[in-house]
Ligand SMILES: [Zn+2]
């Protein structure tokens, strides 16, 4: 299911292939986020043209709208949204941090408020597994309880304990479902542990023992310091079986991706490129620029002179600035397109650099080119 294709000599970076029911996804990769079955402001064709081989949706949100039955009736998630590449579905662990959605939690499961109907929904690990297999994701994520990094030790212990119990339940429910449905779906376990060294290691060991198809590190990139986040990664990565794909959830930014890749992380998902685009923060080869600033009003250069995306080849900063001033929605598409393209190209360059054994050099070169 996961095959390492090359390893960097100097760092922990590696390239690999995640073999899924919908093609091979080259790792390391960054999944654009399609929570409601669309990457905001981009089309599926645009994603394919950029070389996106995997995206992530959210089974908890999809369960509420349009509903699992509806997606099944429409031929499953791939057919419904017409995206014939790998699709991950997250489970709802992250949504427990949302005061709008989250109601209560117990060992049995979690109560959410359905934002579409206003009704209460109860999700157990078993129900989440059933939903993810019926939606038809290539990779399902276990239901976990994600403690916030700003919460204390006691919350981390409690949430990690529950995550472990739920991981066991997810694993056995998933095995049975695969048998009953005659389907093969990958299931990734999620390790938690807050920012505590012992807890992070213990959690990685527990998840590793359950022998999932891949392993994820959750509950990070939530406002803690970079140092604390990468320490948690350092604690967990060595515990995981080298042959399994390692997924750092919710990361991100080009800098964070480069750092995590150097530590041996293979998969990422993040709203960073799309959300920043909507806030007019544009990723470029020379650092992030705020394209809504007056200084770009007569700037005839493209967003990034070193980018060969369709937006950079077609429009000037001045024109895009004008669209922002006029509140024209089309600009959100242009900016999202460039940012997602930029990050996808970055990951492509990372993969090439690892294969050519010059990842460290590429990383240093990229970081020094980014002026604040
Ligand atoms: Zn561009």
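The values are calculated or read from the model by the stated rules, or taken from the named source; none is laboratory data. Note that the coordinates shown come from a computational prediction; the quantities given were computed from them, not determined experimentally. As a convention, Cβ positions derive from the backbone with ideal geometry for all residues, glycine included, and neighbour counts pool all protein chains shown.
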Item to check | Test result for residue 200, free of Cβ contacts under 8 Å to residues at least 40 places away in the same chain and not in a helix (DSSP H, G or I) | outcome: no
Next on the checklist: Just the residues that are within 14 Å of the ligand (Cβ to nearest atom) and either on the phi > 0 side of the Ramachandran plot or surrounded by fewer than 23 Cβ atoms within 10 Å (Cβ to Cβ) (or both), please, taken from region 262-273.
Outcome noted: none
Next on the checklist: Condition check: buried (at least 24 other Cβ atoms within 10 Å of the Cβ) and either assigned to a loop (DSSP other than H, G, I, E, B) or in contact with a strand residue (DSSP E or B) (Cβ under 9 Å, 6 or more places away or on another chain) (or both). Does residue 219 satisfy that?
Outcome noted: yes
Next on the checklist: Restricting to region 300-317, count the residues that are in a loop (DSSP other than H, G, I, E, B), in contact with a helix residue (DSSP H, G or I) (Cβ under 7 Å, 6 or more places away or on another chain) and within 11 Å of the ligand (Cβ to nearest atom).
Outcome noted: 6
Checklist entry - Which one is nearest to the ligand (Cβ to nearest atom), of the residues in region 350-371 that are in contact (Cβ under 8 Å) with a residue 12 or more places away in the chain and surrounded by fewer than 14 Cβ atoms within 10 Å (Cβ to Cβ)? => result 369
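Could you pull out the residue among 283, 320 that is within 11 Å of the ligand (Cβ to nearest atom), under 19 Å from residue 371 (Cβ atoms) and modelled with pLDDT of 95 or more?
283
For region 138-151, state whether one or more residues are closer than 22 Å to residue 57 by Cα and out of contact with any strand residue (DSSP E or B) (no Cβ under 9 Å at 6 or more places or on another chain). Explain how you work it out, then say what you get.
Initial filter on region 138-151 (closer than 22 Å to residue 57 by Cα): 138-148.
Now narrow it down to the ones that are out of contact with any strand residue (DSSP E or B) (no Cβ under 9 Å at 6 or more places or on another chain): 147-148.
Yes, some residue in region 138-151 is closer than 22 Å to residue 57 by Cα and out of contact with any strand residue (DSSP E or B) (no Cβ under 9 Å at 6 or more places or on another chain).
From the list 313, 290, 327, 295, which residue is at positive phi and free of Cβ contacts under 8 Å to residues at least 24 places away in the same chain?
Numbers: 313 fails: at positive phi; 290 fails: at positive phi; 295 fails: at positive phi.
Only one candidate qualifies: 327.
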Next on the checklist: So residue 175 passes all but one of these: (1) surrounded by fewer than 19 Cβ atoms within 10 Å (Cβ to Cβ); (2) more than 21 Å from residue 22 (Cα to Cα). Which condition number does it fail?
Outcome noted: (2)
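Would you confirm, using the coordinates I've provided, whether residue 252 is under 30 Å from residue 195 (Cβ atoms), touching a residue at least 60 places away in the same chain (Cβ under 8 Å) and in contact with a helix residue (DSSP H, G or I) (Cβ under 6 Å, 6 or more places away or on another chain)? Explain how you work it out, then say what you get.
Numbers: under 30 Å from residue 195 (Cβ atoms): yes; touching a residue at least 60 places away in the same chain (Cβ under 8 Å): yes; in contact with a helix residue (DSSP H, G or I) (Cβ under 6 Å, 6 or more places away or on another chain): yes.
Yes: the conditions hold for residue 252.
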Checklist entry - Would region 328-335 turn up any residue that is surrounded by fewer than 15 Cβ atoms within 10 Å (Cβ to Cβ) and in a loop (DSSP other than H, G, I, E, B)? => result yes
